[in-house]
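J.: For reference, the structure I am asking about is given below.
The values are calculated or read from the model by the stated rules, or taken from the named source; none is laboratory data. Because the structure is a prediction, the values reported are computed rather than measured. Every residue, glycine as well, gets a Cβ built from its backbone with ideal geometry; the counts of neighbours run over all protein chains shown. Please note that ligands, DNA and RNA were not included when accessible areas were found on the heavy atoms of the full protein model with its side chains. Shrake-Rupley method; radii C 1.70, N 1.55, O 1.52, S 1.80 Å.
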Amino acid sequence: MKSKIIKKSLVVLLFLCFVSKTKAQSNDLNLINFITIQNLSEDISFFEGKLILENSEVLTGNISINHNNKEDYETILQTDKGYAYISNEDIASITLFGSENDELYKSEFVKFENSNKFYRELYKKDDANAIYDLLEQPFDNKTMNDVYVLEDNELISINNFWSSGPKKDVINYINKRDGTNYKRKDFETLNELLSKL
């Protein structure tokens with residue numbers, strides 16, 4: 001008699017697990033493509049933001065970008081429902097928000113054809129000319145050494161090992177392209193420099 005009750009209980013439990021899993025998959029996060037994170041390293045930085053999936057679904061929460069998982073890159077989304085990995089392949093675009101001295105700002109992150117990484121947009125002159133880097137936080141007037149220029153639909157690294165940093169790399173690029181002779185002292189802010197693109 002006890003074994004029949006135990007078997008029936010197991011069947012009911014399995015059924016409830018299946019029903020709850022099916023229901024969870026139809027929730028906002030479309031959990032079919034997500035892997036729930038059990039343990040997160042404490043050194044991961046999250047920023048408030050939104051991401052737009054390739055299917056046009058918009059998700060908001062705290063976001064951490066470009067986590068390497070074998071040959072793929074993934075983004076971690078934290079919402080009130082928990083944490084989830086989302087393959088960068090499934091994401092169309094990401095926007096992160098930040099603030100400095102009570103001023104709010106946002107940074108756009110985009111992918112390019114030959115890469116599954118998201119690049120931070122530092123400055124966009126138009127659809128064919130822009131500057132990017134690989135820093136994975138909202139733009140706060142700091143750049144990373146890997147600076148890229150989008151020119152004629154091609155992403156070009158302008159990082160030079162021998163230069164003194166990304167600002168100098170951008171100055172060297174502009175000087176070479178335009179035949180000018182700008183120096184660091186000619187630009188009070190990074191935005192002023194980037195506007196010369």
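J.: If you take the residues in segment 70-94 that are closer than 12 Å to VAL110 by Cα and open to solvent by 10 Å² or more (accessible area, probe 1.4 Å), which one is nearest to the chain's Cα centre (by Cα)?
T.: That would be SER93.
Listed here are the residues, each with its yes/no results for (1) surrounded by 11 or more Cβ atoms within 10 Å (Cβ to Cβ); (2) closer than 26 Å to GLU54 by Cβ.
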{"position": "VAL110", "(1), (2)": "yes, yes"}
{"position": "PHE118", "(1), (2)": "yes, yes"}
{"position": "ASP127", "(1), (2)": "no, yes"}
{"position": "ILE131", "(1), (2)": "yes, yes"}
{"position": "GLU136", "(1), (2)": "yes, yes"}
{"position": "ILE174", "(1), (2)": "yes, no"}
{"position": "TYR182", "(1), (2)": "yes, no"}
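J.: Please return the ranges of strands (runs of 3 or more DSSP E) entirely within segment 115-179 where 2 or more residues are under 23 Å from LEU77 (Cβ atoms). Let's see the steps before the verdict.
T.: Details: elements: 119-126, 129-133, 147-151, 154-157.
Fully inside segment 115-179 and qualifying: 119-126, 129-133.
J.: Do you know which of the residues in segment 95-105 that are open to solvent by 50 Å² or more (accessible area, probe 1.4 Å) and under 16 Å from the mean Cα position of the chain (by Cα) is nearest to ASN116 (Cα to Cα)? Working first, answer last.
T.: Kept after step one, since they are open to solvent by 50 Å² or more (accessible area, probe 1.4 Å), are these residues of segment 95-105: 97, 99-105.
Now drop any that are not under 16 Å from the mean Cα position of the chain (by Cα), which leaves 97, 105.
On the way: PHE97: 22, TYR105: 25 Å.
Looking at the filtered set, the residue picked out is PHE97.
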